[in-house]
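J.: Here you go, one structure.
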Amino acid sequence: MNCKEALEKLQEIIDKEANDVDAREVKEHLEHCRECLSKYEFEELFRAFVIEKASIEAKTDLLREKILKCCDKPERAKGLFGSGLKIGAILVSAAVAIILCVITAFTVAEFYRHQAYIVPFEEKHMNSIEYTDYSKPLVGELLSVRDYLNNNLRISLTGDPKGFRLIGAGFSNVKSGRFAHIRYRKGADYISLFISNANVNLPDFEQMSYYSIEYHMHVSDNCLVLYWKCGNNSIIAVSENPGIDMTPLIPVIKIS
Amino acid sequence: MSIVVVARNIGVIFLTERQSEKEKKQKFEAEALIHLDSLYRTALRMTRNDGDAADLVQDAFFKAYRFWDKFEEGTNCRAWLFKIMTNIFINNYRSKASTPQTIDLEDIDDNFLFGQLSALGPSEDPEKLFFNKIFDTDVRAAIDKMPDDFRLVTILSLLEGFSYQEIADILNINVGTVKSRLHRGRKLLQKSLWDYAVKNGFVKDAAK
């Protein structure tokens with residue numbers, strides 16, 4: 001193992017995540033390479049330093065009480081036996097209605113589950129722990145995106161482009177600056193809309209990272225890009241499949 | 001007749017439900033609530049203020065309680081709770097606390113801090129020179145300043161001791177991304193602390 005390989009493994013070794021083979025080989029290298037050994041010792045020191053300085057105490061007694069209290073459910077059964085029969089009948093019909101709703105919900109959920117591209121966006125999805133597919137763009141910042149567009153750029157989106165459905169909104173960082181990023185979907189077609197008042201270099205869009213996920217989109221390969229400038233603002237529409245008609249986007253973007 | 005039977009059966013269902021509700025609460029207290037400190041510390045680091053941290057932790061535990069049936073007993077409860085809390089944080093709290101910024105990590109070397117301190121003199125003791133001069137609050141502030149992605153993995157790995165695989169599960173990313181973010185996060189932290197030390201005159205920047 002040479003120095004370059006030994007140093008590549010540094011983080012894993014220090015985090016105790018390296019496999020046995022690597023650990024052994026690094027140990028052998030460090031036995032005769034003083035330079036790498038000093039670097040290893042330093043990084044161990046740095047790690048311990050950060051852990052020590054960054055530790056905080058947490059006072060959680062009150063929180064513990066609050067959580068336990070709210071886990072208590074109030075007594076329900078007493079009132080029930082009093083007016084037994086009538087309540088019994090109502091409950092049975094309620095149960096049947098609930099079962100029907102559950103069946104519908106399962107069908108809908110199945111439908112959505114197979115469509116792996118759908119990004120949970122509505123409030124009801126945000127509270128469910130099933131929908132955590134972060135391999136696609138960011139969720140849940142529609143309000144801040146709308147505010148940013150209205151207040152900073154004086155642009156508003158009057159609705160969804162015809163045939164398309166809004167599936168996500170967030171902010172993306174590109175070399176030129178920060179962009180509001182809105183995603184639409186129609187069947188298997190996706191359009192991304194980027195709006196900002198930053199100075200735009202179209203090649204910057206060849207490698208982008210969304211706010212929390214690495215997502216590489218090659219603008220040059222078979223993708224259609226519409227780009228227009230209005231005043232200080234730049235609007236870029238990128239299709240992710242060739243041949244999508246993006247003209248429905250145009251009437252949706254309103255500039256005041 | 002049949003309605004009476006139904007009513008009595010419903011009564012029985014409710015009685016057994018009350019009993020199992022009590023069991024559920026006991027189990028929850030014994031297995032989940034023990035991780036409260038760890039979660040609250042992390043919530044403080046994620047949200048950077050007490051009020052939001054308390055709300056975040058409570059939201060996480062309420063949701064965990066609601067979904068307690070989905071938790072497989074004997075599996076990693078702490079990681080499960082962290083996953084719930086991180087999802088809530090990303091969905092609901094992050095836009096309040098976010099610091100969007102494009103970070104250019106290209107000009108920071110691997111082993112950046114080692115290099116900088118070595119340049120000051122081969123016999124200098126890094127502890128005396130650097131580590132002892134930096135306060136707790138400064139390190140915490142440097143971590144707080146990190147962009148969310150890097151900060152989250154750094155907190156989970158360094159400060160809460162989760163393994164790469166556990167972090168990957170919690171954040172729903174792959175292990176390679178975890179390693180890469182930890183690596184870049186470490187560089188960022190070293191640069192940030194170095195800049196701070198230079199600014200406050202603890203060290204002289206050899207490059208200047």
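The values are calculated or read from the model by the stated rules, or taken from the named source; none is laboratory data. If you're wondering where the values come from, they're calculated on a predicted model, not measured in any experiment. No Cβ is skipped: glycine too gets one built from the backbone with ideal geometry, and neighbour counts run over all protein chains shown. Surface areas here come from the heavy atoms of the whole protein model, side chains and all, with no ligands, DNA or RNA. Shrake-Rupley method; radii C 1.70, N 1.55, O 1.52, S 1.80 Å.
J.: Need one number: buried accessible surface between chains A and B, 1.4 Å probe, both sides summed, DNA, RNA and ligands left out, in Å² to 100.
T.: Its buried surface, counting both partners, is about 6300 Å².
J.: Hey, another quick one. With heavy atoms of protein chains only and a 1.4 Å probe, what residues of region B:151-173 have at least 30 Å² less accessible area in the full set of chains than alone?
T.: Relative to the lone chain, where solvent access is computed with a 1.4 Å probe, region B:151-173 loses at least 30 Å² at B:Leu158, B:Leu159, B:Tyr164, B:Asn172.
J.: So which residues in region B:61-75 end up with at least 20 square angstrom less accessible surface once the other protein chains are there, compared with the chain by itself, probe 1.4 angstrom?
T.: SASA drop of 20 Å² or more in region B:61-75: B:Phe62, B:Lys63, B:Tyr65, B:Phe67, B:Lys70.
J.: Sort A:Glu43, B:Glu23, A:Glu17, A:Glu31 from largest to smallest accessible area, using a 1.4 Å probe on the heavy atoms of the protein chains.
T.: A:Glu31, B:Glu23, A:Glu17, A:Glu43
J.: Could you please tell me the mean projected area of the C-alpha convex hull for region A:1-73, averaged over all directions and given in square nanometres to one decimal?
T.: In nm², the orientation-averaged hull projection of region A:1-73 is 7.7.
J.: Separation between the B:Asn92 and A:Asp147 pseudo-spin-labels, each 7 Å from Cα along Cα→Cβ, expressed in nm?
T.: 1.7
J.: Hey, another quick one. Ignoring everything but the protein chains, give the 1.4 Å probe accessible area of A:Glu44 in square angstrom, nearest 10.
T.: Answer for A:Glu44: close to 90 Å² accessible.
J.: Once the whole set of protein chains is in place, how much accessible area is left on A:His32, using a 1.4 Å probe, in Å² to the nearest 10?
T.: Accessible surface of A:His32 is approximately 140 Å².
J.: May I ask which of A:Lys4/B:Lys83; B:Lys22/B:Lys179; A:Lys53/B:Lys27; B:Lys25/B:Lys179; B:Lys63/B:Lys145; A:Lys16/B:Lys83 have a Cα-Cα span longer than 31 Å here?
T.: Distance filter (> 31 Å) returns A:Lys4/B:Lys83; B:Lys22/B:Lys179; A:Lys53/B:Lys27; B:Lys25/B:Lys179.
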